[in-house]
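Engineer: I am attaching a structure below and will ask some questions about it afterwards.
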Amino acid sequence: MEYTILGILLMIIMLLYFKVADRFNIIDKPNQRSSHTEITLRGGGIIFWFSALLYFVQHIQSSFFFFTGITLISLVSFWDDIQSLSNKIRISIHFLSITMIFYDIGLFNLVPIWGIVIAYVLAIGLINAYNFMDGINGITGLYTLVVMGSLLYINTNIQVFIDGSFIKYGMIASIVFLFFNYRKKAKCFAGDVGSIAIAFWIIYLVLKLILITNSLIWLLFLAIYGVDAICTIMHRLYLKQNIFEAHRLHLYQVLSNEYKIDHRLVSLFYAIAQTIISIIVVSLYQKIDDSVLFAIVIVPLLIVYSLKFYLLNKSNLKLNT
């Protein structure tokens, strides 16, 4: 009953937000680098913050630092959705918000200085990677369901590391968001406020699990996004492009834009691929060495990602003929 009520409340909040977004013209206008072609309401991902708020009012003491962090990062992201902010402001708020969850999970007392530095780089990198990957209908919502579903399975069957309802609140917000986003013509896009807020939520969960199990293998729950984002950044650096500017070089963009595969189908491909990887990780956890498991997952993904260059070359040849 609790989760049914939560879903209804979030649905009502989303409908109210649509009226606000329409009233104040909070929209996403397509440009030559966009994967969509129609003006669409932006910032629908604010539903993730509202879900965190509803959890917070019921668990104030246990979620204070997390909620403060996600509030700060959501606020600056929503502001950036409406009016572009400088990278310095955004990164500064990201750093402050991440510091709060590091304090919450006790990272500063458990990890040496060099480990903390790596954790900051990793957390900020993953937040931005999640944001970079939010470009077609359904991809953020479906991928989030897979990642959080994997974490919920671990929490339920292998290692309790957090209140299970905390994960479920994020999953229900994703389902509500998908209802409006996973369509041929999306009612709304997540915006930075959505992709960054849910990335922050997921990073918090993954870090807690890593510290409790003393294993980095859970980073593979983000393997698809991680490989696509990092390899695309390297590709753009090779092309001497500004990595902070919009582009169409992610594999999902090539499939959607150059090969005209339905956005929803591409999003589903990504979700299914991550589901398979999560199953492999859970099945082989503590049965083989972590480094071997990383290799088993990452190497095939790099091979698959390299197919993008073949697809791009083939697409360019068609355009030139």
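Every number in this text was worked out from the coordinates using simple rules, so none of it is lab data. Fair warning: this is a prediction, and the values are worked out from it, not measured in the lab. Because the Cβ atoms are built from the backbone with ideal geometry, glycine has one as well, and the counts that use them run over all protein chains shown.
Engineer: When the helix-only estimate is applied to the chain (DSSP H runs of n ≥ 4, each -39,500 (n - 2.57), divided by the residue count), what is the mean residue ellipticity at 222 nm, nearest 500 deg cm²/dmol? If you can, show how the numbers build up before the last one.
Structural biologist: Values: 12 runs with 228 residues, N = 321.
Helix-only estimate at 222 nm: -24500 deg cm²/dmol.
Engineer: Going by the alpha-carbon gyration tensor, a ≥ b ≥ c the square roots of its eigenvalues, is the stretch 64-118 rounded (a/c under 1.5) or, if a/c is not under 1.5, prolate (a/b greater than b/c) versus oblate?
Structural biologist: On the way: a/c = 5.17, a/b = 1.84, b/c = 2.80.
In terms of gyration-tensor shape, oblate.
Engineer: If the elastic network links every pair of Cα atoms under 10 Å, which of L53, L239, L255 fluctuates the most in the Gaussian network model of the chain?
Structural biologist: L239
Engineer: Answer rounded, prolate or oblate for the stretch 35-136, using the Cα gyration tensor with square roots of eigenvalues a ≥ b ≥ c: rounded when a/c is under 1.5, else prolate when a/b is larger than b/c, else oblate.
Structural biologist: Working: a/c = 2.29, a/b = 1.39, b/c = 1.65.
Taking the square roots of the gyration eigenvalues as a ≥ b ≥ c, the stretch 35-136 is oblate.
Engineer: On to the next question. Figure the gain on full extension for L9 and L211 (residue separation times 0.36 nm, minus the Cα-Cα span) and round it to one decimal in nm. Before the final figure, lay out each step's value.
Structural biologist: On the way: separation 202, 0.36 × 202 = 72.72 nm, distance 3.36 nm.
That works out to 69.4 nm of additional length.
Engineer: What does the net charge come to around I73 if you take all other residues with beta carbon closer than 13 Å to its beta carbon, with K and R at +1 and D and E at -1? Display every interim value, and only then the final one.
Structural biologist: Values: positive: R90; negative: D80, D81, D192.
Local charge sum for I73: -2.
Engineer: Next question. Could you work out the relative contact order of the stretch 53-182? I mean the mean sequence separation of Cα pairs under 8 Å and 6+ apart, divided by the number of residues, in percent. Don't skip to the answer; put the middle values down first.
Structural biologist: Details: 74 pairs, mean separation 26.0, N = 130.
Rounded, it is 20 percent for the stretch 53-182.
Engineer: Still on this structure, I have one more. Just in the stretch 206-244: which trypsin sites (Lys or Arg not before Pro) are loop by DSSP and have at most 16 other Cβ atoms within 10 Å? Before the final figure, lay out the partial values.
Structural biologist: On the way: sites: K208, R236, K240; in loops: K240.
Passing both the DSSP loop test and the Cβ count: K240.
Engineer: Still on this structure: If we count every other residue with Cβ under 10 angstrom of S63's Cβ, Lys/Arg +1 and Asp/Glu -1, where does the sum land? Could you put the intermediate results ahead of the total?
Structural biologist: On the way: positive: none; negative: D104, D163.
Surrounding charge for S63 is -2.
Engineer: Further question on the same structure: Which trypsin sites (Lys or Arg not before Pro) in the stretch 96-189 pass both tests, a DSSP loop state and at most 10 other beta-carbon atoms within 10 Å?
Structural biologist: Numbers: sites: K168, R183, K184, K185, K187; in loops: R183, K184, K185, K187.
Counting only loop positions with at most 10 other Cβ atoms within 10 Å, the trypsin sites (Lys or Arg not before Pro) in the stretch 96-189 are K184, K185.
Engineer: Stretched out fully, how many nm does the piece from D262 to Y238 gain, at 0.36 nm a residue minus the Cα gap? Display every interim value, and only then the final one.
Structural biologist: Numbers: separation 24, 0.36 × 24 = 8.64 nm, distance 2.91 nm.
In short, 5.7 nm is gained.
Engineer: With a sphere of radius 13 Å drawn around the Cβ of L255, what net charge do the other residues whose Cβ falls strictly inside it have (Lys, Arg +1; Asp, Glu -1)?
Structural biologist: Details: positive: R248, K260, R264, K308, K314; negative: D228, E258, D262.
Summing Lys and Arg as +1 and Asp and Glu as -1 gives +2.
Engineer: Follow-up question, since we're still on this one. If neighbour count is taken as other Cβ atoms inside 10 Å, put V111, V121 in order from fewest to most. Spell out each step's value before the answer.
Structural biologist: On the way: V111 15, V121 10.
With the fewest neighbours first, V111, V121 line up as V121, V111.
Engineer: Go through the stretch 40-54 residue by residue and turn each phi into a ³J(HN,Hα) via Karplus (6.51, -1.76, 1.60, θ = phi - 60°); whole Hz please, and just put x for glycine and proline.
Structural biologist: 9, 4, 10, x, x, x, 4, 4, 5, 5, 5, 5, 5, 4, 5
Engineer: If you don't mind, another one. Rounded if a/c is under 1.5, else prolate if a/b is larger than b/c, else oblate: which is the stretch 114-179, with a ≥ b ≥ c the root eigenvalues of its Cα gyration tensor? Show your work: numbers first, answer last.
Structural biologist: Values: a/c = 2.62, a/b = 1.07, b/c = 2.44.
In terms of gyration-tensor shape, oblate.
Engineer: Could you work out the relative contact order of the chain, using alpha carbon pairs under 8 angstrom and six or more residues apart, expressed as a whole percent? Write down the numbers at each step before the final one.
Structural biologist: Working: 381 pairs, mean separation 74.0, N = 321.
This gives 23 percent for the chain.
Engineer: Would you mind telling me which residue in S77, S92, S150 has the biggest mean-square fluctuation in a Gaussian network model of the chain, where springs connect alpha carbons within a distance under 10 angstrom?
Structural biologist: S92
Engineer: Could you give the distance between the Cα centres of the stretch 266-304 and the stretch 128-157, to the whole Å?
Structural biologist: 14
Engineer: Which of the chymotrypsin sites (Phe, Trp or Tyr not before Pro) across the stretch 1-105 are loop residues per DSSP, with 10 or fewer other Cβ within 10 Å?
Structural biologist: Values: sites: Y3, Y17, F18, F24, F48, W49, F50, Y55, F56, F64, F65, F66, F67, F78, W79, F95, F102, Y103; in loops: F24.
Within the stretch 1-105, the qualifying chymotrypsin sites (Phe, Trp or Tyr not before Pro) (loop, at most 10 other Cβ atoms within 10 Å) are F24.
Engineer: Arranged by the count of other C-beta atoms within 10 angstrom, fewest first, what order do I113, I154, I105 take?
Structural biologist: Working: I113 8, I154 23, I105 19.
If I rank by nearby Cβ atoms, fewest first, I get I113, I105, I154.
Engineer: Which residue, S291, S165, S74, has the most motion in a Gaussian network model of the chain that connects Cα atoms within less than 10 Å?
Structural biologist: Comparing S291, S165, S74 in the GNM, the peak value goes to S291.
Engineer: Past the 36 angstrom mark, what percentage of all C-alpha to C-alpha distances in the chain do you count?
Structural biologist: Details: 7642 of 51360 pairs.
More than 36 Å apart: 15 percent of the Cα pairs in the chain.
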